[in-house]
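The values are calculated or read from the model by the stated rules, or taken from the named source; none is laboratory data. Just so you know, these numbers come straight off a predicted model, no measurement behind them. Using ideal geometry, Cβ is built from the backbone for each residue, glycine included, and neighbour counts are taken over all protein chains shown. Side chains included, ligands, DNA and RNA excluded: accessible areas come from the protein's heavy atoms. Shrake-Rupley method; radii C 1.70, N 1.55, O 1.52, S 1.80 Å.
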Amino acid sequence: TQAEIAVVSWPSGEGSVSTGGAAVDARIIMDAWGVGRAGVNDGLVVLFDMDTSNRHGQFYLATGQGFQDLYLSDSEAEAIVDGDMLPRAKDGGLDAALLDGLAHLDRIVQPGGNPH
């Protein structure tokens, strides 16, 4: 598809991480790293924003407008986090949470757009 995806896990330096804080961090990464093609804006940042324990935190999927238009609406991104990633993470399976989220993304990020 030529869309660009960055998967990032980083410590927030906070005792607890809010969804709002994770959203800000994901946008900072997208802008600073230039995730997504210029003029197409088809980037996605999959963020694990970890608290100081590095065992808890927030997941966030930040999308460029081009990525949203072709592949993933805000409600679909929320469904991946809430339905695929958070349940596994709550059971202590951060690796499984990432793999489940990426598997869902793999199904919808297809040449020509999301097959719905």
- Do we find a residue being part of a helix (DSSP H, G or I), under 18 Å from Asn114 (Cβ atoms) and in contact with a Gly (Cβ under 7 Å, 6 or more places away or on another chain) anywhere in region 46-69? yes
- In region 54-69, what residues are open to solvent by less than 90 Å² (accessible area, probe 1.4 Å) and of a type outside the set (Gly, Ala, Ser)? Asn54, Gln58, Phe59, Tyr60, Leu61, Thr63, Phe67, Gln68
- Query: Does any residue of region 74-86 turn out to be touching a Lys or Arg at 6+ places or on another chain (Cβ under 9 Å) and either open to solvent by less than 40 Å² (accessible area, probe 1.4 Å) or assigned to a helix (DSSP H, G or I) (or both)?
  - Reply: no
- Query: Hey, Asn54 hits all of (1) at pLDDT below 90; (2) under 11 Å from the mean Cα position of the chain (by Cα) but one; which does it fall short on?
  - Reply: (2)
- Can you name the residue in region 30-41 that is part of a loop (DSSP other than H, G, I, E, B) and more than 18 Å from Gly101 (Cβ to Cβ) and, of all such residues, is least open to solvent (accessible area, probe 1.4 Å)? Gly36
